[in-house]
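What follows is a single structure, written as structure tokens, with notes after it.
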Amino acid sequence: MTAPGYSDDKTAVLARLKKIEGQVRGVKKMVEDDRYCIDVLQQISAVTRALQGVALHLLDEHLSHCVVEAVKAGGSEKDLKLQEASEAIARLVKS
């Protein structure tokens, strides 16, 4: 099995996810502490944007690595990878 497109910067992706995990714990604490609704919503928005940033980065890596390689190889693998990318983009646009 080939390495995922993000394997070169896996450490950076994991660091971003760890930071997001801390943000989510912070939101939980805000709710536990009965913080003002708008403040909690603002932090949820920040977490959402951070996750979207990671998702866009992973999508970019997928396109530039996995999809490019599949297009070079041609055949059914090309069609599969293009369909996967299209579906991933559709999910991101809906979120």
* Structure fact -> Of the candidates Ile38, Ile44, the one satisfying the condition of being β-branched (Val, Ile, Thr), exposed (fewer than 12 other Cβ atoms within 10 Å of the Cβ) and more than 30 Å from Lys81 (Cα to Cα) is Ile38
* Asked: Would you pick out the residues in segment 3-32 that are within 17 Å of Glu61 (Cβ to Cβ) and among the β-branched types (Val, Ile, Thr)?
  -> Thr11, Val13
* Based on what the data block shows, is Arg16 assigned to a helix (DSSP H, G or I), surrounded by fewer than 15 Cβ atoms within 10 Å (Cβ to Cβ) and of a type in the set (D, E, K, R)? -> no
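Any read-out appearing in this document is the output of simple, stated calculations on the displayed coordinates, not a laboratory observation. As the structure is a computational prediction, the values presented were derived from the model and not from experiment. Here Cβ is always computed from backbone atoms with ideal geometry, including for glycine, and neighbour counts include all displayed protein chains.
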